[in-house]
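Below is one structure, written out as structure tokens; comments come after it.
The values are calculated or read from the model by the stated rules, or taken from the named source; none is laboratory data. These numbers come from a predicted model, not from an experiment. All Cβ positions, even for glycine, are placed from backbone atoms using ideal geometry, and neighbour counts span all protein chains on display. Heavy atoms of the whole protein, side chains included, go into the accessibility calculation; ligands, DNA and RNA do not. Shrake-Rupley method; radii C 1.70, N 1.55, O 1.52, S 1.80 Å.
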Amino acid sequence: MRLHDSTLVPTPTDIANHLACRHLTQLDRARLAGERIELRQDPRIDALRHRGETHEKGFVDSLAAEGLSVTDLRHHDDPAATLDAMTAGADVIVQAPLQGDGLSGRADVLLRIAVPSRLGAYSYEPADTKLARDTRAGTILQLCAYAALLDPMQGLLPEHIHVVTPLARERYRTAHFDAYFRFVRRRLEDDLAADPPPATYPEPVPHCDVCPYWLHCNRRRRADDHLSLVAGIRKLNVRELERQGIRTVVKLALTGGALPAEPHRGARETYAHLAQP
Ligand code: SF4
């Protein structure tokens, strides 16, 4: 995300992050506004990033070994360099800067395909290299964003988007995810434009494992004695307890497991179990 003429311009990664955690979007926004937020330094995340780069390099090397021409734009920030490479007809464009229509980002790989476009007898489709065996929704949304950015450059929305895992090369139809992409993008843009910002809370989500804000969010949960700190608790249990006016671990413990009212969600025994020290 970056600030351009006092407008926040999200990247495709911001869209994926927003899907993973709305609070993350607000922390990004606060940082851009100058708030100091301590970021996590985690060698495991650095190692994961390194493995990701190695995987991308392996994929690009395999394309070059097939005899395809590769244009690497990692040292360029101007989207004009991507358009130049597209116009020149490179087979593969790596780390391509893209920008337009309120979005900017850098696509891992653009693949030339034999579908005519404004460029000539060919066009490009975006590919993302990912280590995860199961493709996440955020990855698909990221690729939809790159496809949307390519659309005006070649006068054609790429029909397919590609995910390259260590085990397989997966192909998805862009149109199947377009409505969902536009929905999440709109929600992100609304959240970024909202004044005051929407009230979000750092409730734990799977993305916390790799999120740079983990230290900050964990401190906040501990300071609030938030119910998410209870071992084994689920989001629906937290919602039910909040509905009954129980918002902290201490308050839950003080109930001794006996809720004030019949739970709408979950069994009484579950709450009795969760209240045990
Ligand atoms: S650490 Fe977790 S809760 Fe906090 S911003 Fe990141 S994903 Fe969201």
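Here are Pro126, Pro152: which of them is assigned to a helix (DSSP H, G or I) and either surrounded by 21 or more Cβ atoms within 10 Å (Cβ to Cβ) or without any contact (Cβ under 8 Å) to a residue 60 or more places away in the chain (or both)? Answer to the selection: Pro152. In region 57-75, the residues that are closer than 13 Å to Ala85 by Cα form Cβ pairs under 8 Å with partners that are open to solvent by 70 Å² or more (accessible area, probe 1.4 Å), at six or more places apart or across chains, as follows: Thr71/Ala88. If you go through region 169-178 and pick out every residue that is farther than 12 Å from Ala148 by Cα and assigned to a helix (DSSP H, G or I), you end up with 1. Restricting Leu259, Leu215, Leu252, Leu236 to residues that are assigned to a helix (DSSP H, G or I), farther than 21 Å from Cys21 by Cβ and not basic (Lys, Arg) narrows the list to Leu252.
Checked against the criterion of being assigned by TED's automatic domain parsing to the domain that holds Pro12 and in contact with a helix residue (DSSP H, G or I) (Cβ under 7 Å, 6 or more places away or on another chain), the candidates Gln95, Gln99 yield just one match: Gln99.
Among the candidates Glu170, Glu269, Glu240, Glu203, single out the residue that is in contact (Cβ under 8 Å) with a residue 40 or more places away in the chain and among the acidic types (Asp, Glu).
None of the other options fit; the residue is Glu203.
One residue stands out among those in region 15-55 that are among the charged types (D, E, K, R) and closer than 28 Å to Leu167 by Cβ: the one that is nearest to the ligand (Cβ to nearest atom), which is Asp42.
Per the listing Pro166, Pro158, the residue uniquely more than 16 Å from the ligand (Cβ to nearest atom), open to solvent by less than 10 Å² (accessible area, probe 1.4 Å) and not hydrophobic (A, V, I, L, M, F, W, C) is Pro158. Selection of region 218-233 for residues being assigned to a helix (DSSP H, G or I) and within 30 Å of Arg136 (Cα to Cα) yields Asn218, Arg219, Arg220, Arg221, Arg222, Leu227, Ser228, Leu229.
Among the residues making up region 73-92, those that are within 21 Å of Glu56 (Cβ to Cβ), within 24 Å of the chain's Cα centre (by Cα) and open to solvent by 40 Å² or more (accessible area, probe 1.4 Å) are Arg74, His75, His76, Asp77. Tallying residues that are crowded, with 16+ Cβ neighbours inside 10 Å and not charged (D, E, K, R) within region 220-252 yields 12.
How many residues are within 15 Å of Met1 (Cβ to Cβ) and crowded, with 20+ Cβ neighbours inside 10 Å if we restrict to region 99-118? Selection size over region 99-118: 3.
So, Leu131, is that one modelled with pLDDT of 95 or more, in contact with a Leu (Cβ under 8 Å, 6 or more places away or on another chain) and under 23 Å from Gly52 (Cα atoms) or not? Against the criterion (modelled with pLDDT of 95 or more, in contact with a Leu (Cβ under 8 Å, 6 or more places away or on another chain) and under 23 Å from Gly52 (Cα atoms)), Leu131 does not qualify.
When only residues in region 173-189 that are without any contact (Cβ under 8 Å) to a residue 60 or more places away in the chain and open to solvent by less than 90 Å² (accessible area, probe 1.4 Å) count, which is nearest to the ligand (Cβ to nearest atom)? Filtering region 173-189 for residues that are without any contact (Cβ under 8 Å) to a residue 60 or more places away in the chain and open to solvent by less than 90 Å² (accessible area, probe 1.4 Å), the one nearest to the ligand (Cβ to nearest atom) comes out as Phe177.
Limited to region 207-219, what total is found for residues that are open to solvent by 100 Å² or more (accessible area, probe 1.4 Å) and at pLDDT 95 or above?
Final tally of qualifying residues: 1.
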